[in-house]
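Visitor: Structure incoming, see below.
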Amino acid sequence: MGNAAYPDIAFESAARVADRTVAATRVASIPWYIWCLAAAVTFDALGGYWDISWHISIGRDTFWTPAHMAVYLAGTLAGIASGYTILATTYSASDEARESSVSVWGFRGPLGCFIAAWGGIAMLTSAPFDNWWHAAYGLDVKIVSLPHSILAFGEGMITLGAMLLVCAHLNRASGAYRDKLDRLLLYIGGIEVFGAALFILESTPMEFMHSSSFYLAVAKAFPIVLLSISLVSSSRWPATTMAAIYTALFLAALWIFPLFPAAPKLGPVYQNVTGMVPLWFPVLLIVPAFALDLLRQRMGARWGGWQSAINAGVVFMAAFIAAQWPFANFLLSPAARNRIFGTIYFGYSDPANLLYDPYTFARLDPTRAALVQGLLMAVFVSIIFCSIGIALGNWMRKVQR
């Protein structure tokens with residue numbers, strides 16, 4: 001009735017509502033440079049997987065392979081996003097922009113952008129170094145070569161920078177904008193878990209899954225990311241979400257890569273490779289990640305202290321061994337020799353099924369006592385890395401700049 005009596009007031013109210021709606025939408029929009037860093041992290045992970053597959057499928061390696069281009073694009077995107085943000089903040093007249101930044105060598109910008117910028121420089125520097133390395137020493141026999149270590153350092157810096165940038169915005173945000181940033185943080189965390197799995201690939205083939213070195217590698221690779229982001233995120237299932245993203249991406253690559261034709265261009269060739277060779281089935285990280293989320297919910301307000309680190313380290317490794325150990329038996333069985341589980345794929349230079357049986361466990365621990373001692377060491381290392389993850393997460397919760 002009021003609106004009919006006072007049409008001008010009704011019209012004004014509708015306009016104000018529309019203005020508030022537009023303003024709210026603008027407030028809830030994530031800045032482009034954050035998306036750009038998230039894209040850099042994504043291209044880097046994709047390029048890393050693609051590059052390893054290229055090495056074991058085709059072998060011939062040049063500076064200009066598509067996989068290398070994806071990695072270089074990641075470094076370039078990180079440089080553009082970080083460089084623009086630092087320069088824009090340095091020369092901005094906005095007090096808010098300057099108050100939400102740190103100063104480095106006279107420049108101002110978010111801490112995450114400075115870290116990501118250094119990561120981009122390290123990545124782009126490693127590219128010509130890696131090319132020279134191949135020219136001098138031939139193809140890589142290991143993933144962790146010196147140029148690849150520099151590359152991995154740069155990749156880690158970009159991911160850490162992206163996480164800190166999102167955390168700085170998230171810790172100052174509320175409402176819908178905070179929810180969006182929270183989901184983006186979990187996505188970046190999932191990509192980082194994916195990258196960590198690539199970095200320990202040489203220690204995690206299926207024939208190592210009954211050896212303590214396999215569990216020791218997992219204890220070093222995953223807890224820091226899972227625990228640190230779990231402390232920042234408001235999600236009920238942060239660790240499970242990140243592990244699910246890693247699992248989904250690894251499975252997608254396992255099933256999609258073989259659809260693209262490929263042929264070896266170097267010898268010796270032991271396998272009849274006709275398509276891109278994917279990497280192996282993802283480890284069952286989602287089980288200990290789910291256990292960590294349950295532990296977090298059970299501990300409630302006590303989550304985040306030194307007791308959390310001990311409990312998390314033990315729970316993480318116990319849940320992972322309980323799930324992965326019997327699953328390894330299945331992976332080596334004839335039932336897993338299909339495209340779904342991917343135990344039929346071997347690199348062109350792998351003499352599997354010709355000079356050795358790939359469906360048996362390697363005896364890396366000489367005795368049962370050595371195996372038990374190694375598994376206990378994996379639990380101890382898991383506690384240490386969970387402690388680091390919790391300390392990092394407690395700091396990330398306070399990052400404002």
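The values are calculated or read from the model by the stated rules, or taken from the named source; none is laboratory data. Predicted model, so just to flag it, every value in this text is computed and none were measured. Note: ideal-geometry Cβ built from the backbone for every residue, glycine included; neighbour counts use all protein chains shown. The accessibility values were calculated without ligands, DNA or RNA, using every heavy atom of the protein model including side chains. Shrake-Rupley method; radii C 1.70, N 1.55, O 1.52, S 1.80 Å.
Visitor: Please calculate how many Å² of accessible area the range 87-168 carries per residue, with a 1.4 Å probe and no DNA, RNA or ligand atoms counted.
Guide: About 49 Å² of surface per residue is accessible.
Visitor: If you average the sequence gap of Cα pairs under 8 Å that are 6 or more apart and divide by the length of the range 243-401, what percent do you get for the contact order?
Guide: 29 percent
Visitor: How many Å² of accessible area per residue for the range 250-334, probe 1.4 Å?
Guide: Per-residue value: 48 Å².
Visitor: Ordering Lys265, Lys220 by how much accessible area each has at a 1.4 Å probe, largest first, what is the list?
Guide: Lys265, Lys220
Visitor: Round to a whole number: what % of the accessible area of the chain belongs to carbon and sulfur, probe 1.4 Å?
Guide: Carbon with sulfur: 66 percent of the solvent-accessible area.
Visitor: Return the calculated 222 nm mean residue ellipticity for the chain, to the nearest 500 deg cm²/dmol, obtained by summing -39500 (n - 2.57) across DSSP H runs with n ≥ 4 and dividing by the residue count.
Guide: Calculated from helices alone, the mean residue ellipticity at 222 nm is -23000 deg cm²/dmol.
Visitor: Continuing with the same structure: Return one number: the angle in degrees, 0 to 90 and rounded to the nearest 10, between the long axis of the Cα atoms of helix 66-90 and the longest principal axis of the Cα atoms of the chain.
Guide: On a 0 to 90 degree scale, this one is about 30.
Visitor: Hey, what angle do you get for helix 223-232 against the long axis of the chain, alpha-carbon based, 0 to 90 degrees rounded to 10?
Guide: Helix 223-232 and the main axis of the chain meet at about 10 degrees.
Visitor: Label points 7 Å out from Cα along the Cβ direction at Asn353 and Ala370: separation in nm?
Guide: 3.1 nm
Visitor: Let me ask another. On a 0 to 90° scale, report how tilted helix 286-299 is relative to the longest principal axis of the chain, with both axes built from alpha carbons and the result rounded to the nearest 10.
Guide: 50 degrees
Visitor: Counting only other residues whose beta carbon sits under 14 Å from that of Thr360, what net charge do I get with K and R as +1, D and E as -1?
Guide: 0
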